[in-house]
Amino acid sequence: MAERSSVVSLRGVTRSFGATVALEGIDLDVRTGQMYGLIGPDGAGKTTALRLVCGLTRPDAGQVRVFGVDPWRTRRVATSAIGYLSQRFSLYGDLSIDENIAFFARLHGLRHFDAARDRLLALTGLLPFRTRRADRLSGGMKQKLALACTLVHEPELLVLDEPTTGVDPVARREFWKLLAEFLDQKLTILMATPYLDEAERCTRVALIGSGVVLADDEPMALQQATPGVVVEVVPAAPRRAFEVLGRRLGLDRVQLFGDRVHVRLDAEPADGVVAGWLADAGIRAASVRRIVPTLEDVFIAHLTAAETAGGGRTS
């Protein structure tokens with residue numbers, strides 16, 4: 001791997017599609033060896049940012065640099081240094097695992113790729129199935145094959161657009177094990193995901209909402225810097241408790257996580273206050289305690305602050 005401090009740099013990047021503003025003046029820096037996550041809901045602008053990095057579209061304003069050059073103008077960077085796994089990466093169902101990887105290797109102009117293919121097959125656990133047709137693979141195996149096809153030309157930057165969407169939990173866990181191994185090999189990874197639990201695995205994350213960067217830091221730093229306090233409540237009736245607390249505080253300050261409710265407050269509440277609110281509605285709270293905010297708590301806090309300040313679009 002080449003030793004560069006900044007692999008990807010976006011400065012003041014704006015991109016619109018007709019009347020729709022996908023990105024609005026964003027700044028990003030991805031450094032060598034990082035796993036950098038773009039975190040946000042559908043429509044936040046994550047895919048547009050990745051397509052700009054890969055040179056598949058150009059910004060309306062601002063500057064995009066990948067390994068120091070404009071990927072739109074210098075296409076060799078996009079084809080040789082970047083491996084891009086899109087949301088709709090297409091495998092050829094009538095080709096075997098081996099044949100699919102060979103096809104993508106030849107697209108990149110590789111003549112001698114057998115060693116790289118065998119290494120990737122061993123790493124992904126696909127070696128025993130190399131002669132199986134792609135249309136006979138499970139969803140998780142297809143995703144591993146797509147990753148192998150993306151990496152066969154040995155890029156320095158791996159770009160992933162929601163790679164685990166629609167994948168079962170076991171396959172999702174195995175996919176993340178693979179990414180951890182690639183990180184150990186000093187591969188730089190830029191990925192978009194709507195899953196905030198995945199964001200906690202990243203070296204650094206950018207929280208994106210409606211095309212703007214709401215926050216950009218290491219996950220733990222974001223959690224520790226969130227204003228106010230987050231209280232976790234374990235109530236006897238979680239759904240009812242969520243509704244009661246939402247009416248009192250506003251739904252943007254209350255999140256339901258299974259049998260638990262997270263409540264975001266401006267300051268530490270007096271003992272028994274939150275339990276008392278629930279008791280007034282006939283709901284018993286088994287536990288009320290202050291916790292470190294989850295990234296979902298952090299994202300909602302930043303989104304609410306941006307909308308209140310008029311700094312973020314709510315469309």
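The values are calculated or read from the model by the stated rules, or taken from the named source; none is laboratory data. Keep in mind it's a predicted model, so treat the numbers as computed, not measured. Positions of Cβ are backbone-derived with ideal geometry, glycine not excepted, and every protein chain shown enters the neighbour counts. Heavy atoms of the whole protein, side chains included, go into the accessibility calculation; ligands, DNA and RNA do not. Shrake-Rupley method; radii C 1.70, N 1.55, O 1.52, S 1.80 Å.
Listed values, structure above:
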read-out: Positive-end residue of G276, P169, V230, charge dipole of the stretch 160-287 with Cβ unit charges; value: G276
read-out: Between the stretch 254-311 and the stretch 189-232, the alpha-carbon center distance in angstrom; value: 18 Å
read-out: As computed over the stretch 241-301, the Cα convex hull volume per residue (Å³); value: 86 Å³
read-out: Carbon plus sulfur fraction of accessible area for the stretch 60-194, probe 1.4 Å, in percent; value: 48 percent
read-out: Mean Cβ neighbour count within 10 Å, used as a protection proxy, ranking 125-133, 182-190, 202-210 highest first; value: 202-210, 182-190, 125-133
read-out: Measure of compaction for the stretch 4-113 (Cα Rg per 2.2 N^0.38 Å); value: 1.21
read-out: Dipole magnitude of the stretch 4-73 about its Cα centre (Cβ charges: Lys, Arg +1; Asp, Glu -1), debye to nearest 20; value: 260 debye
read-out: Value of Rg/Rh across the stretch 184-241 [Cα atoms, Kirkwood radius]; value: 1.09
read-out: Nearest-ten-degree value, helix 114-124 long axis tilted from longest Cα axis of the chain; value: 20 degrees
read-out: Where only C-alpha atoms are counted, convex hull volume of the stretch 87-181 per residue in Å³; value: 97 Å³
read-out: Rg to Rh quotient for the chain, alpha carbon positions, Kirkwood Rh; value: 1.04
read-out: Average Cα contact separation per residue, the stretch 109-160, under 8 Å, 6 or more apart, as relative contact order %; value: 48 percent
read-out: 0 to 90° range, to nearest 10: angle between helix 295-309 axis and the chain longest Cα axis; value: 70 degrees
read-out: Where the Cα pairs of the stretch 132-246 fall when distances are cut into 10 Å bins, in %; value: 10, 33, 29, 18, 8, 1
read-out: Positive dipole terminus of the chain, leading residue within A306, L145, G211 (C-beta point charges); value: L145
